[in-house]
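Bear in mind that the values in this text are calculations on the coordinates, not laboratory data. Everything numeric here is computed off the predicted structure, so don't read it as measured data. Note: ideal-geometry Cβ built from the backbone for every residue, glycine included; neighbour counts use all protein chains shown.
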Amino acid sequence: MAVIKNVGSNAASSDAAADKAGKFKEAAPKSKGVHLLEGLLGRDDRLVVPINEGRNKIQAIKQEAQKRGWLKSLRLRHAVIVASFFIMVAAPAALATVYMVFIAADQYHSSASFSVRSIDSAGAGDLMGMFSQATSSSTVSDSYILIDFVRSERMLEAVEKKFDLEAIYAARGLDYFYGLASGRPIEDRLAFWRSMIDINFDHASGIMQLQVKAFDPQQSQAIANFVIEQSDALVNNLSAVARDGVLKSAQDEVLVAETRLAQARVGVRQYRDQSQEVDPVEGAKLAAQLIGGLEAQLVQLNSDLATARTQMSDNTPRIRVMKARIASIEEQIDSEKQRLGSGAESSDGASNSDVAGRIQQFEALETEREFAERAYTASLASLEKARLDANNRQRYLAVFIQPTLSQMAQYPSRLLNSFLVTLGLLFAWSVLVMGYYNIRDRT
């Protein structure tokens with residue numbers, strides 16, 4: 001039994017020694033050749049070849065240096081962008097805000113509302129109907145003409161004759177931006193005038209709104225009143241020109257018809273003086289009646305002659321008298337008939353003794369006279385209608401809101417202008433920054 005125990009103890013001690021030797025072998029580092037041999041023998045988990053530690057260190061140093069250079073350049077760009085923001089946006093916006101809040105002078109406005117009206121559209125029952133019906137084509141065109149006139153150089157010259165604009169709009173304190181410098185050319189003064197007035201037109205209602213700004217409320221009201229007076233004079237002038245244009249053609253037609261009628265009447269009068277008869281038609285009727293009477297007498301004498309021949313011879317005095325009377329009546333009938341058929345021609349081709357020719361000439365003159373009278377009557381009716389139409393189309397300026405007098409300055413819009421300046425600067429700066437990055441990314 002003692003031997004068996006010794007043998008067991010020896011085996012246990014040998015196993016422990018073998019485990020220690022295996023742990024020592026595993027702990028010992030393996031060479032590169034051992035790793036390759038193990039890979040060839042089929043141990044896939046040991047195919048990875050260790051990287052050269054020296055090469056890894058060099059690459060890590062290079063990556064660290066590149067990273068530091070990129071960080072350094074990134075910080076420089078950021079600093080330039082921030083500096084440009086303060087220079088291009090923050091500082092100018094702050095200066096503009098300070099100027100608008102503390103330096104810009106107060107401006108007072110005067111407002112007025114009016115409309116270009118026509119008489120033919122003034123039949124509405126209520127006030128809104130009056131102005132809602134004023135948007136005819138003629139008044140709309142006149143409204144746009146009035147807008148251009150208020151903003152024109154002609155209006156500026158009229159205002160300068162009435163007011164001293166250089167004194168009214170002179171710079172107040174340090175506010176040279178909203179003031180008018182003296183001695184400026186007409187183009188600059190016109191641009192400043194357009195910046196100080198505002199006129200709008202509502203096409204639906206035909207209402208125009210005028211707004212005049214100045215550094216003094218009384219002056220803005222006075223200028224607005226003068227602008228309305230000049231506008232009223234322009235509308236009246238346009239109305240007179242339109243009225244004269246409508247009437248001129250009708251008056252010309254009346255003059256032509258009147259001249260034609262006068263010439264026709266002169267022709268009729270000359271004919272009557274020459275023929276010495278008022279109406280040749282009536283003369284022809286009388287001649288026809290005369291011939292009829294003579295022929296009736298001739299028939300009666302021929303009957304009496306035939307009866308007398310049955311009782312006495314042709315040599316008796318009574319038969320000779322009856323024959324003489326018959327011959328005389330026949331000559332008179334031939335003479336009257338000759339006058340109705342043809343006669344001696346006058347120097348102008350007209351017949352003085354030919355009744356038919358005189359009737360023809362007289363009828364031509366009478367027809368011309370009647371036509372001229374009808375044309376003259378029609379032209380007079382056209383003239384009267386044109387006069388009524390011109391009166392109905394007459395335009396005038398209806399002012400229903402007189403220029404107001406401001407008590408509080410509402411211009412310039414300080415916060416709005418400051419915000420717009422800041423927004424514009426920010427937009428410009430953003431465009432420049434995005435352009436820089438776009439060029440950098442492409443290059």
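Summary of values
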| quantity | calculated |
| --- | --- |
| Tally of residues being surrounded by 12 or more Cβ atoms within 10 Å (Cβ to Cβ) and in a helix (DSSP H, G or I) across the stretch 410-422 | 7 |
| Scan of the stretch 228-259 for residues that are among the hydroxyl-bearing types (S, T, Y) and farther than 20 Å from D142 by Cβ, ordered by number | S249, T259 |
| Selection within the stretch 381-397 - within 18 Å of R243 (Cβ to Cβ) and not charged (D, E, K, R) | S382, L383, A386, L388, A390, N391, N392, Q394, Y396, L397 |
